[in-house]
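Report on one structure; see the data block that follows.
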Amino acid sequence: MKLSSAANTVRPAWQNNKPFLTFLASLLLIYSVLKIIFYNYNHPLLLPGTTGSFLSTLKLVKWSLICDLLCLLSINTFLLLLLQAGRLLPPGFTRWITLPAFMIINTAAILLNVVDIFYFRFRFQRANADLLYVIDHPFSQVFHFNVFILLLFALALLLLIWLLWKLHRKLYTSFVDGRRANLLTLLLIGMLGTALLFRNRIANLLLPAYPLVELSSNELPAVQNSFHSFVYSVFRGGDEIPKHAYLPAAVADSSFRLKKTLTPYTTGKKNVVLFIMESVPYDFFDSSSVYKVAMPFFDSLLRVSTFYKNAFGYSHESNKGITAILAGIPTLTDIPFYHSQFTNIPVTKTGTALGELGYHSLFCIGDPYDNFGFAKCANWLGFDAYYCEEDIAGYQRLPSHPMGLQDEAVLPFFYQKIDEVNKPFFAVHYNISTHYPYTLPGNYSEKLPATYTAPMKSMRYYDHCLQQFFNKAKTQSWFSETVFIFCSDHWLLPDDNKIDFNAVTGYRIPLIFFDPGKPAAETRNEVVSQLDVMGTVLSVAGYKDSISSYGGSLTNPASLRQVAFAKPGATLYQVTDSTQVLGFNTSTGRVEYFYNYKKDPLLKTNLATAENASPARDALTMLIKSFIQKAGMHYSGRTVK
């Protein structure tokens, strides 16, 4: 009798709560399938640490389920509560307001995880608030495939939406009559109350980076939920800025100074032309790489230029790269710096500084106006003029790219503006033809090797366009009085089908300095970065006032730190010197990886926790802590030296 009574008690409890549990289990299954697809598609892009023992695989599975379940409960606990409350309200409220609202939220959450499967290889981290500022690109560029694939994707999307609607309708129908999920409702209300009571302790559990208690940041994207990371980033309101005092202020100041005075490059005022090269990796210039591109223009240019073979980018995003290059500062925020609340902190605005010396500054790109917010960036930095595709006469009929106009259509306009402007000038051209999806114009018929990947072909085309520009420019009187700088905005895969990526190769970019007045072939081996470009521009212009910069000047080797900083993830910072690379996680407060990439180019041996004392590891740890501490102080508006 007792067993029968217990059974009779359990069965109704299960039947009453089954609809909501089935609903959650179905959504969790969808998330899990998407997570498996994400992992398999992006596995080569995840840094060492994503493969290993059976135990490490179980940890990935465990944290993946935890992250997805937390996301589901965060959304659908409120759905359950509103369904319960709906019994006390007019039926239409639940049917026509509550249900559609949560259908939209759950669909958006799943679709964001779908988009991240493909978009991850462009950003190397899960979705965050930055997605709001490039919202057009995941949909119009990432899915730039043939019609069959687009049709297949559309059908799969419709099937997913239909399935989600059926799940929501079934859940709603189960609540129309009878008493449903009362036990679960009470349980979740109790959990919400407990969470509010112990909110300071519980808050850490809800952080997208919480799995770092057991995982490395290399493994973190494999378990995170894109909707969770995105929503958290949107509502964090700038609190991603590190506020750590790792070192005494005097120690941090002595090892990392922001204020500096430049040594002028010449006694006069040379013009400066800066070519920011979209998505161009160092691999295209590396003679030992299978991705070395035969480039008539660049190959000849390097015979009269200084080439920095150990140059590194700060991030994998254009809107972070442009700030590092033009402002000499790192972006600590998830969103572009020039969209953030920190634009009033003390920085040296390149256009404004050059204007004090009588320079006219202009920025030119083939994108639509303010694409990626670049018009805002140029205006913030004090540029005198900003040109985009709409400024080019008849642009609708010119060779186009999914991003805008092809380089062959923009570079002649750029040349025209340089030729017209008063001297001295600072001119920036941001090309787009080397941007994914690497579409080439139909009239470009140069025969290229069959082994060239799509990115390699786009680079060869860009080289061709630059050759035409320089053929005209070198006939002008201003050419010999101009310094030309070439710098990539970030590294990107030279081959989607054969991925070679790690903490070193994934940040190495080309950086070239060419002065027609001093032609000489030179290859420099010291480590430099995008943060050194702004100081170089001002040094060439003869700027003598103190500046705020996280880099030095290529024209004055003594000013270079000979290290490169990067921000691979939300809480992960990296420093690279001539032989080693170190990653430090502000969330855990520890060194996460330390490799000697000269001896271990594949980064197989992590020396972060090696028992043997390592002066190099300690020195880089102190340097990255100084960088993080000084940058955090800088962003907080405090006076920095």
Cα-Cα separations in the chain greater than 44 Å, expressed as whole percent: 27 percent
Within straight cross-link reach of LYS630, meaning Cα distance under 20 Å, which lysines are found once same-chain residues fewer than 8 apart are removed? LYS243, LYS259, LYS260, LYS320, LYS349, LYS567, LYS641
If the only charges are +1 at each Lys and Arg Cβ and -1 at each Asp and Glu Cβ, what is the size of the charge dipole of the range 257-556 around the Cα centre, to the nearest 20 debye? 740 debye
Subtract the Cα-Cα distance of LEU206 and ARG397 from 0.36 nm times their separation in residues, and report this length gain in nm to one decimal. 63.6 nm
Once you order the gyration tensor axes a ≥ b ≥ c over the Cα atoms, which shape class does the range 265-313 get: rounded for a/c under 1.5, otherwise prolate or oblate by comparing a/b with b/c? prolate
Cα-based radius of gyration of the range 428-485 once divided by 2.2 N^0.38 Å, which approximates compact folds: 1.34
Principal axis box of the range 546-626, alpha-carbon based, largest edge first, Å: 42, 29, 22
Taking 355-363, 472-480, 440-448, 621-629 and ranking on average Cβ neighbours within 10 Å, highest first, one gets 621-629, 355-363, 472-480, 440-448
With both partners inside the chain, how many of the DSSP beta bridges are antiparallel, as a percent to the nearest 5? 55 percent
Here the range 350-366 yields Karplus 3J(HN,Hα) values (6.51, -1.76, 1.60; θ = phi - 60°; whole Hz; Gly and Pro given as x) of 4, x, 5, 4, 5, x, 5, 9, x, 7, 9, 10, 9, 10, 9, 8, x
If packing is taken as the mean number of other Cβ atoms within 10 Å per residue, what is the order of 218-226, 154-162, 588-596, 529-537, highest first? 529-537, 218-226, 588-596, 154-162
In nm, give the distance between the simple-model label positions of SER289 and THR579, each being 7 Å from the Cα along the Cα-to-Cβ direction. 2.4 nm
Assuming R0 = 22 Å, what is the FRET efficiency of ASN525 and ASP600, from their Cβ-Cβ distance, to the nearest 0.05? 0.70
If the reach is capped at under 14 angstrom between alpha carbons, list the aspartates and glutamates near LYS166, excluding any in the same chain fewer than eight residues apart. none
Counting other Cβ atoms within 10 Å, keep those with at most 15, restrict to DSSP loop, and tell me which trypsin sites (Lys or Arg not before Pro) in the range 498-551 are left. LYS498, LYS544
Using a cut-off of 20 Å between alpha-carbon atoms, which lysines can reach LYS604, once sequence neighbours fewer than 8 places away in the same chain are excluded? LYS498
For a bin width of 20 Å, list the pair-distance distribution of the range 257-556 built from all Cα-Cα distances, rounded to whole %. 36, 60, 4
Run through all the Cα pairs of the range 287-336 and give the fraction in each 5 Å bin from 0, expressed as whole percent. 4, 16, 17, 16, 15, 17, 10, 4
In the chain, if the dipole is taken from +1 on Lys/Arg beta carbons and -1 on Asp/Glu beta carbons about the Cα centre, which of ALA294, GLY517, PHE372 is farthest to the positive end? PHE372
Highest mean first, how do 410-416, 282-288 rank when packing is the count of other Cβ atoms within 10 Å averaged over residues? 410-416, 282-288
Run the helix sum for the chain: -39,500 (n - 2.57) per DSSP H stretch of 4+ residues, divided by residue count, reported at 222 nm to the nearest 500 deg cm²/dmol. -13500 deg cm²/dmol
Regarding the range 426-576, what are the three Cα extents along the principal axes, ordered largest first, in Å? 49, 49, 25
C-alpha center-to-center spacing [the range 250-292, the range 322-341] in angstrom: 17 Å
Over all distinct Cα pairs, what is the inverse of the mean 1/r for the range 371-508, reported as the Kirkwood hydrodynamic radius in Å? 16.9 Å
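Readers should treat all values here as calculations from the given coordinates under stated rules, not as data from a laboratory. Note that the coordinates shown come from a computational prediction; the quantities given were computed from them, not determined experimentally. All Cβ positions, glycine included, derive from the backbone under ideal geometry; neighbour counts span all protein chains shown.
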